[in-house]
Amino acid sequence: MSGFARQALIVLAVVALAYLAWRVAYALLLAFGGILFALFLRGVADALARRTRLGMRVSLAAVGLVLLAGVALGALALGPQIAERFDELGRTLAQGAGEARAYLRKTQWGQALLEQQGDLLGAASRVLITAVDAVLALVLVVVAGIYLAVSPRLYAEGVVDLLPEQHRARGRDLLTSTGRALWRWVLGQFVTMAVVGMLTAAGLHLAGVPLAVPLGIVAGLLEFIPFLGPFLAAVPIVLVALTVGTQTALYAALVLLVVQQLESNLLTPLVQRRAVALPPVLILVGTIALTLLFGALGAVFAAPLLVVVMVWTKMLYMKEA
């Protein structure tokens, strides 16, 4: 086979693999989410095992039981309050929507807008379907993360075995370095999320917003999504605050603004000194690009994917340059 034919086959193989990866991008992103969750479980369990001299499997089981118990207790303690508050919010919004429809009927453009209600109902149904898909995706990520955390070496060696024998040592080093960098990022992100959640909950409580604790938890969890997370967290917070009054909603918005200023100017620089420092412009561009390519999951996993890209670029490209 001539050199040109061999190069043409390599190019075709790369294009075919890229197309296959594009077609299964959703599954690959969920698998990546499972890896991140596995790193979190494994890191916490490893710290517990070192301090208590328990075995790794026992430590993993203990961490899993604590997380499960925390979710169950939180649902039992806060579930009825959340349901009651959002039921009140629904009634308030329904009343406001009725008043808005009455006003719109008085104008010609308002009547045209009301004729589009069917489209709005269709959008609401799509939002519901998206929420169900998100819950199923979360379940898959958790299950995959548990399996990966129990036997990480098995899956890592399986990936390494796919490489030619002369490249397996370097592939193993690449996976090890990537895992360490992702763990540092996960740990730093967990600290940021915890602090943002606590500060938000405390600020909302002082502002007189109901359900301050669960709303703080929501704000902390959505901090995982770069740039977009704070805006997504503001929606339920302001809506719940509106059930009390407009002034309370303004106070809630002020709390969110102060917390985000503290997070971006003080907390994140301190955390990144010990974690993985990602340039803000790179995060912004990467988040936009991955969101356009892969939708919501691209936005969720943009930052850790950029960590992987940085590690691989340093180890594969810069060392060869």
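Might you check whether a residue that is surrounded by fewer than 15 Cβ atoms within 10 Å (Cβ to Cβ) and assigned to a loop (DSSP other than H, G, I, E, B) occurs anywhere in the range 292-308?
Scanning the range 292-308 turns up at least one residue that is surrounded by fewer than 15 Cβ atoms within 10 Å (Cβ to Cβ) and assigned to a loop (DSSP other than H, G, I, E, B).
Among the residues that make up the range 188-197, is at least one of them within 18 Å of the chain's Cα centre (by Cα), crowded, with 18+ Cβ neighbours inside 10 Å and not in a helix (DSSP H, G or I)?
So far as the range 188-197 goes, no, none of its residues is within 18 Å of the chain's Cα centre (by Cα), crowded, with 18+ Cβ neighbours inside 10 Å and not in a helix (DSSP H, G or I).
Inside the range 211-235, can you point out the residues that are open to solvent by less than 30 Å² (accessible area, probe 1.4 Å) and more than 20 Å from T287 (Cα to Cα)?
L211, A212, P214, L215, G216
Take the residues in the range 55-70 that are open to solvent by 40 Å² or more (accessible area, probe 1.4 Å) and among the aliphatic types (A, V, I, L, M); name whichever of them is nearest to Y147 (Cα to Cα).
A61
Only one of these is of a type outside the set (G, A, S), open to solvent by less than 50 Å² (accessible area, probe 1.4 Å), free of Cβ contacts under 8 Å to residues at least 60 places away in the same chain and under 28 Å from A137 (Cα atoms): T287, T200. Name it. Step through it out loud before you land on a result.
On the way: T287 fails: free of Cβ contacts under 8 Å to residues at least 60 places away in the same chain.
Residue meeting the stated conditions: T200.
Could we say that L182 is open to solvent by less than 100 Å² (accessible area, probe 1.4 Å) and either modelled with pLDDT of 85 or more or touching an Asp or Glu at 6+ places or on another chain (Cβ under 6 Å) (or both) here?
Working: open to solvent by less than 100 Å² (accessible area, probe 1.4 Å): yes; either modelled with pLDDT of 85 or more or touching an Asp or Glu at 6+ places or on another chain (Cβ under 6 Å) (or both): yes.
Yes.
Of all residues in the range 216-230, how many are closer than 14 Å to A296 by Cα and assigned to a helix (DSSP H, G or I)?
Residues of the range 216-230 closer than 14 Å to A296 by Cα: 222, 224-229.
Right, trim to assigned to a helix (DSSP H, G or I) and you get 222, 228-229.
The qualifying residues number 3.
Could you list, in sequence order, all residues of the range 237-255 that are at negative phi and either open to solvent by less than 30 Å² (accessible area, probe 1.4 Å) or assigned to a loop (DSSP other than H, G, I, E, B) (or both)?
Narrowing the range 237-255 to residues at negative phi: 237-244, 246-255.
The answer is I237, V240, A241, T243, V244, T248, A249, A252, V255.
The values are calculated or read from the model by the stated rules, or taken from the named source; none is laboratory data. Just so it is clear, the structure is predicted and the values come from calculations on it, not from any experiment. Cβ sites come from the backbone with ideal geometry, for glycine too, and all protein chains shown count toward neighbours. Quick note on the areas: whole protein, heavy atoms, side chains included, nothing else; ligands and nucleic acids left out. Shrake-Rupley method; radii C 1.70, N 1.55, O 1.52, S 1.80 Å.
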